[in-house]
Amino acid sequence: MGTIDTHFRADLSVDFCGIKAPNPFWLASAPPTDKAYNVIRAFEAGWGGVVWKTLGEDPPAVNVSSRYSAIYGKNREVLGFNNIELITDRSLDINLREITAVKEAWPDRAIVVSLMLPCEEHYWADILPKVEATGADGIELNFGCPHGMPERGMGAAVGQVPEYVQLVTSWCKKHSRLPVIVKLTPNITDIRQPARAAKAGGADAVSLINTINSITAIDLDRMVALPTVGTASTHGGYCGTAVKPIALNMVAEIARDPATRGLPISGIGGINNWRDAAEFIALGAGCVQVCTAAMLHGFSIVEQMKDGLARWMESKGYRTLADFSGKAVPNTTDWKYLDMNYKVIARIDQEACIGCGKCHIACEDTSHQAIAKLVDPASGARRYEVIDAECVGCNLCEITCPVQSCITMVPQQTGMPYMNWTQDPRNPRAEKVPTAA
């Protein structure tokens, strides 16, 4: 077996639907990209690109105070972040002048301009040449904002209607030569529908996910949700670590859908480190956008992201992002095609076990009573062992165990061939499997 060549430096550069950048880490359209000052600091820190905070018609939007709230884990770690901030509250002219200046000063970095306008073609026909004149590399259509703007017929109000997505996308392709990226809302039943519509409208790429409708918490003394504006609140957009599983699933759905397969994807949602980025890329993303992590930790986190991704790629023998982009997509399928004959059983490393009993409690109370609690009569010492005949391999014990790798799921040799649910005789609508002649 050949050895992996690690005597090279991984190339993190990207060419995303014609937009080139030195690395795949871009700042998403949000407060961190609201003005030249922030964007310049981001580029100095090493970010490969930015999506400029959403521009709209003049007069600009007016924001409220306060705007943010959060869900916390232990030690006040922010797990989920909620905001009710709108698009840019600065004039179109100021934004366009700053975009022009920053692009001239940083020609090697990607600058994509996010746009949100009413669903009338003349608004788009008017603004697109102005954006193109800045030298920006592309535009992103904000069809995802779930608060404030939908009440005005924009944002998610467009993204939730595939016909509108296709129509506005086609206007942008008609009135601009720049690559068009359509930002999709997750507040929809089937993410594939707006993605297909974007492609039908001529989109060069899609980006997802935008934020999820949410109310993070209630102040039980004042009886009002957070963030609070005076004596009232409203639903906002949820992002951060907590939304990553939802984002990964939606990216995968688009990547493996025959109707959108091959459509470039910019992955967004809960990206905090290089591993998160690698997971999005493995599911088909060509670049990733980051917001919450930068807001919580500052722009310097990009250096750890770049270094970690490069080192991991080198350890795996991946010279470029294309070497592993989409590699997890073929292994992502519908439930009905999973192997019904595959089986794993939990194993407890007795030397690593601290005897806390969490695995036993979880299995005994809520699962399959497959972990026995054994007590030494003489010493009173506790020991936990898996009852193989009862274990269904659900992973709950492994998840609840506080000691990493103490409990592992071990594949079993069943001697049975692959069989999915469409072929399973226990399925009342199973398909007949052809037999050899």
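Brief remarks on what is shown
- Neighbour-count order for Ile188, Ile268, Ile218, Ile281, fewest beta carbons within 10 angstrom listed first: Ile218, Ile188, Ile281, Ile268
- Candidate aspartates and glutamates for bridging to Lys103, where Cα separation is under 13 Å - those fewer than 8 sequence places away on the same chain excluded: Glu132, Asp137
- On Cα atoms only, tilt of 92-105 relative to the major axis of the chain in degrees: 70
- Virtual paramagnetic centre 7 Å along Cα→Cβ of Ala381, amide N under 17 Å, in the range 317-361: 348-357
- Spatially proximal lysines relative to Lys373 (Cα-Cα < 21 Å; intrachain offsets below 8 disregarded): Lys358
- Relative contact order [Cα under 8 Å, 6+ residues apart], the chain, whole percent: 14
- The Cα trace of the range 335-411 gives Rg and Dmax of 13.3, 51 Å, the first to one decimal, the second as a whole number.
- Unsatisfied cross-links (Cα-Cα over 31 Å) in the set Lys130/Lys244; Lys244/Lys316; Lys35/Lys244; Lys306/Lys336: Lys130/Lys244; Lys306/Lys336
- Length-normalised contact order of the range 76-154 in % [C-alpha pairs under 8 Å, at least 6 apart]: 38
- Qualifying GluC sites (Glu not before Pro) in the range 227-321, DSSP loop, other Cβ atoms within 10 Å at most 11: none
- Among Ile209, Ile127, Ile371, residue whose mean-square fluctuation peaks in a GNM of the chain (springs only between Cα atoms under 10 Å): Ile371
- Using the Cβ-Cβ distance between Glu57 and Asn249 with R0 = 30 Å, the FRET efficiency computed as 1/(1 + (r/R0)^6) comes to roughly 0.30.
- ³J(HN,Hα) computed for each position of the range 165-177 - Karplus, 6.51 cos²θ - 1.76 cosθ + 1.60, integer Hz, glycine/proline x: 4, 5, 5, 5, 4, 5, 4, 5, 5, 6, 9, 8, 9
- Reported value for the chain: 220 Å³ per residue, from the convex hull of its C-alpha atoms.
- Alpha-carbon centroid distance for the pair the range 113-134 / the range 48-94, whole angstrom: 21
Here, each number is a calculation from the coordinates, and none is a lab measurement. None of the values given here were measured: they were computed from a predicted structure. No Cβ is skipped: glycine too gets one built from the backbone with ideal geometry, and neighbour counts run over all protein chains shown.
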